[in-house]
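Taken together, the values in this text are just the output of simple stated rules run on the coordinates, not laboratory data. Everything numeric here is computed off the predicted structure, so don't read it as measured data. Don't worry about glycine lacking a Cβ; one is built from the backbone with ideal geometry, like all the others, and counts go over all protein chains shown.
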Amino acid sequence: MQSPAARSFWPRGSQERAVESFYQHGVERYGDYHGGMLNFGLWTGEASDYRSASRNLVSYLARSIGLGPQSRLLDVACGMGAQDVFLAEEIRPRAIVGLDVTWKHVVAARQRAERAGLGESIEFRHGTAVALPFPDASFTHLLCVEGGEHFDTRERFLREAFRVLEPGGRIGLSDYTAKQLPQTLSERSLAGLVRRLWHVPAVNVVTADGLARTLRACGFADVRVEGVADDVIPGYYREGRKPENVRAMDEIRGWLVSRASLWIDHVTYRLYQRGLLDYVFAFGAKPSA
């Protein structure tokens, strides 16, 4: 059995390798920029900057699934671990395990937890969401923030999530779905471009109703999906175009990758403006035995 500290090496041409390559640029230089958070943020209430909006999003998901001091949490697509350090400090679950497909994220997450004095209470692993390296019924709660669209496939991940949750366990996702499926040639072209830029398998392009059906098909009950794009996408887009944030990303990721990322964000925003892209929170529970 592979050690929890070990790195996985993804096969050439695999979805895991493509996603890891997409997200690994500049991780070593990221530091505490934006508090280490990577999500789009929930721009409601008092959330007025990226740090507060990103924490607001994680906090909302955690509250919605009832995360508490007795919880054993699995965070799939944990990024650089900032959200897990935040949850450990704010809620203090009994155990947190983060898993990410990008090795540099895992290294940065472990370093962040050590700096926060949480190296013994948060574990970070390198792995794939579609073959979770944990026994059945290992966790009481599972979070996945903006990861499901990348997995090959989202349904395979949800079946794995159902397996590793104990009876009565709860799942909370933030994810991208189609507001409506594209109809015209221009809509299909734009949607296809965004999908390829974000490394999203075609099978994962579903509506919110489609995501709810998939959750139920994987065994989850009490399924609820909330469309929140208006409270997420515009705020993230505006924040990313502030001159100080553009300069920071130039330094972190390099000018070329930074400009490519800005262009990808712009195309994504256009998809949202045309009523084709949604951002959702999705929740469900594994029925009690």
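For the stretch 175-196, the tally of residues that are part of a helix (DSSP H, G or I) and either of a type in the set (Val, Ile, Thr) or surrounded by 13 or more Cβ atoms within 10 Å (Cβ to Cβ) (or both) stands at 8. Selection within the stretch 1-42: residues that are touching a Leu at 6+ places or on another chain (Cβ under 9 Å) and assigned to a loop (DSSP other than H, G, I, E, B). The member of this set that is surrounded by the most Cβ atoms within 10 Å (Cβ to Cβ) is Phe40. Restricting the stretch 241-289 to residues that are farther than 26 Å from Ala62 by Cα and of a type in the set (Asp, Glu), which is surrounded by the fewest Cβ atoms within 10 Å (Cβ to Cβ)? Only one residue tops the list, namely Glu244. Of all the criteria given as (1) part of a helix (DSSP H, G or I); (2) farther than 21 Å from Tyr60 by Cβ, the one not satisfied by Tyr237 is (2). Residues of the stretch 240-289 that are in a strand (DSSP E or B) and either farther than 30 Å from Arg213 by Cα or acidic (Asp, Glu) (or both): Asp278 alone. Listed by first and then second residue, the pairs with beta-carbon distance under 9 Å, at least 6 apart or on different chains, first residue in the stretch 109-137 and closer than 24 Å to Pro201 by Cα and touching a residue at least 60 places away in the same chain (Cβ under 8 Å), second β-branched (Val, Ile, Thr) and assigned to a loop (DSSP other than H, G, I, E, B), are His126/Val101; His126/Thr102; Gly127/Val101; Thr128/Val101.
Report whether or not Val223 is within 23 Å of Arg159 (Cβ to Cβ), outside any helix (DSSP H, G or I) and of a type in the set (Val, Ile, Thr). So Val223 passes the test.
Whether any residue in the stretch 71-78 is touching a helix residue (DSSP H, G or I) at 6+ places or on another chain (Cβ under 8 Å), within 19 Å of Gly31 (Cα to Cα) and crowded, with 24+ Cβ neighbours inside 10 Å is what I want to check. Yes: the stretch 71-78 contains one or more residues that are touching a helix residue (DSSP H, G or I) at 6+ places or on another chain (Cβ under 8 Å), within 19 Å of Gly31 (Cα to Cα) and crowded, with 24+ Cβ neighbours inside 10 Å.
Residues in the stretch 151-185 that are under 14 Å from Ala212 (Cβ atoms) and without any contact (Cβ under 8 Å) to a residue 60 or more places away in the chain: none.
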